[in-house]
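The values are calculated or read from the model by the stated rules, or taken from the named source; none is laboratory data. All values derive from a computational prediction rather than experimental measurement. Because the Cβ atoms are built from the backbone with ideal geometry, glycine has one as well, and the counts that use them run over all protein chains shown. Only protein heavy atoms, including side chains, enter the accessible area calculation; ligands, DNA and RNA are left aside. Shrake-Rupley method; radii C 1.70, N 1.55, O 1.52, S 1.80 Å.
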Amino acid sequence: MELIIGKTAGFCFGVKNAINKTYEQINNNTKNLYCLGELVHNERIVENFNKRGVTTIDEITDIPNNSNVIIRAHGVNPKVYNTAQEKNINIIDLTCPKVAKIHELAQEFANNNYYIFLIAEKNHPETIGTKGFCGEKSSIIEDLEDIPNAIECFNKSNLEKIAIIAQTTFGVQKFKIIVDEIQSKVNCKIDIKDTICNATTMRQAETEELSKSVDLMIIIGGKNSANTKRLYDISVKNCPHSILIQNKEDNDLIETLKNKFNKIGIMAGASTPEESIDEVVEYIRSIGGINEFSK
Ligand code: SF4
């Protein structure tokens, strides 16, 4: 059996940075340390931080005055900064620089009288943060069916031009389909900025390729991680034997590996630690039959 691990599997720059800087805070013994939302969509990492004194909390309003709060890589709505200031909360801002750039871009477009179409998952924390920087004159488009309403809002806004930006982890193909549809439906100046992160683009492209060449694809990552789920969606179209697992104990992995496969591919989301990938590889090795291995 041949086993191939994707070169782009695992932590992206933004997640690595957020994790390392959180460890710095723990090692510096920062007291009253909170994280606004889970630092990464990964149970194991979040549990470890919680044990070491980082309290995960969903709302800035629930954090006691004079505490310290970590803003994770997804970034937040600008209102959070105002509330923190009012409550004298110290912000440790770990917003990924690429997300921060999108915030700047959104503000610039809003200041220059653009109506903004944010192509993104409506409930994703990054989207909620970015929407705050886009201002009132903006709409979120997650699917093709959101376009008519977004265009109606644009028409009512009395603005004359549209800017399109995207969530950093949005699906590359889906972004193109939505942009084409918008272009076919409106007749005004449209400024398109493909703000999908290249870490995402490369990971999705590698998943597409790898899933075409194997007879089992294992996608490792948190089941609440949107970017991991998207890798699974890409994979399953090419490789019907695709599974999404959180770790080596996952029942799907154990059951699936009772069958025989000639070539197995492994990919992992941006918030999956290397240990989780190594453990799955070790497990496959332990049940035998790997004679070729590449990374
Ligand atoms: S996917 Fe890209 S933008 Fe998002 S946290 Fe990672 S490096 Fe930053």
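Can you send over the carbon and sulfur percentage of the accessible area for the stretch 13-96, probe radius 1.4 Å, protein chains only?
Taking all protein chains in place, the stretch 13-96 shows 42 percent carbon and sulfur surface.
First check a/c for the stretch 49-95, with a ≥ b ≥ c the square roots of the eigenvalues of its C-alpha gyration tensor; if it is under 1.5, answer rounded, and if not, answer prolate when a/b is larger than b/c or oblate otherwise.
Verdict is oblate for the stretch 49-95.
Kirkwood-based Rg over Rh for the chain (C-alpha set), two decimals?
Here the Rg-to-Rh quotient is 1.02.
So how exposed is Lys212, as accessible area in Å² (1.4 Å probe, rounded to 10)?
Estimated to the nearest 10 Å², Lys212 gives 120 Å².
Cross-chain or 8 or more residues apart, Cα under 21 Å: how many lysine pairs in the stretch 173-287 fit that? Count them up, please.
Going through the stretch 173-287 pair by pair, I get 25.
Report, to the nearest 10°, how far helix 274-286 tilts away from the longest principal axis of the Cα atoms in the chain, using its own Cα long axis and a range of 0 to 90°.
The angle comes out near 20 degrees.
Classify the stretch 195-272 as rounded, prolate or oblate from the Cα gyration tensor: take a ≥ b ≥ c as the square roots of its eigenvalues, call it rounded if a/c is under 1.5, otherwise prolate when a/b beats b/c and oblate if not.
oblate
By the scheme Lys and Arg +1, Asp and Glu -1, what is the net charge of all other residues having a beta-carbon under 15 Å from that of Asn259?
0
For the charge dipole of the stretch 13-96, defined by +1 on Lys and Arg C-beta atoms and -1 on Asp and Glu C-beta atoms about the Cα centroid, which residue among Ile57, Asn29, Ile70 has the Cα displaced farthest towards the positive pole?
Checking the options against the dipole of the stretch 13-96, the answer is Asn29.
Given a Förster distance of 45 angstrom, what is the FRET efficiency for Asp278 paired with Asn123, based on the Cβ-Cβ distance and rounded to 0.05?
0.90
Can you give the FRET efficiency to the nearest 0.05 for Lys174 and Asn88, using r as the Cβ-Cβ distance and R₀ = 41 Å?
According to the calculation, E is roughly 0.45.
Residues of the stretch 7-33 with the amide nitrogen closer than 11 Å to a label point 7 Å from the Cα of Asn48, along Cα-to-Cβ, please.
Answer for the stretch 7-33: 19-20, 23.
Treating the beta-carbon of each Lys and Arg as +1 and of each Asp and Glu as -1, no other charges, what is the dipole magnitude of the stretch 13-96 about its Cα centre, to the nearest 20 debye?
260 debye
Could you work out the Kirkwood radius for the stretch 98-192, taking every pair of different alpha carbons, averaging 1/r and inverting it, reported in Å?
13.0 Å is the Kirkwood radius here.
Percentage of Cα-Cα pair distances in the stretch 13-96 greater than 19 Å, rounded to whole percent?
29 percent
Please give me, ordered by residue number, the trypsin sites (Lys or Arg not before Pro) of the stretch 1-56 that lie in loop per DSSP and have at most 10 other Cβ atoms within 10 Å.
When the trypsin sites (Lys or Arg not before Pro) of the stretch 1-56 are filtered for loop state and at most 10 Cβ neighbours within 10 Å, Lys31 remain.
Thr169's amide H: which non-local residues (gap 5+, or another chain) put their own amide H closer than 5 Å, with H modeled 1.01 Å from N in plane and none for Pro or chain starts?
When sequence neighbours closer than 5 places are left aside, the close amide H contacts are Cys197.
Of all the stretches in the chain, which is the longest one without any exposed loop site, taking GluC sites (Glu not before Pro) in a DSSP loop (any state but H, G, I, E, B) with at most 16 other Cβ atoms within 10 Å?
The longest uninterrupted stretch comes out as 161-248.
At a probe radius of 1.4 Å, what is the per-residue accessible area of Thr83, in Å² to the nearest 10?
Rounded to the nearest 10, that gives 30 Å².
Which of rounded, prolate, oblate describes the stretch 1-150, given a ≥ b ≥ c as roots of the alpha-carbon gyration tensor eigenvalues and a/c under 1.5 marking rounded, otherwise prolate only if a/b is larger than b/c?
In terms of gyration-tensor shape, oblate.
For Lys16, go through the aspartates and glutamates and keep the ones whose alpha-carbon is under 12 Å away, minus same-chain ones fewer than eight residues off.
Correct list for Lys16: Glu274.
How much length would be gained if the chain were fully extended between Asp191 and Lys79, taking 0.36 nm per residue of separation minus their Cα-Cα distance, in nm to one decimal?
Additional length available on full extension: 37.7 nm.
Using R₀ = 25 Å, calculate the FRET efficiency as 1/(1 + (r/R₀)^6) where r is the Cβ-Cβ separation of Leu144 and Phe13; round to 0.05.
According to the calculation, E is roughly 0.20.
Could you pull out every residue, at least 5 positions away or on a different chain, whose amide H is within less than 5 Å of the one on Gly75? Hs are placed 1.01 Å off N in the peptide plane, and Pro or chain starts have none.
Counting only residues 5 or more places away or on other chains, the set is Cys96.
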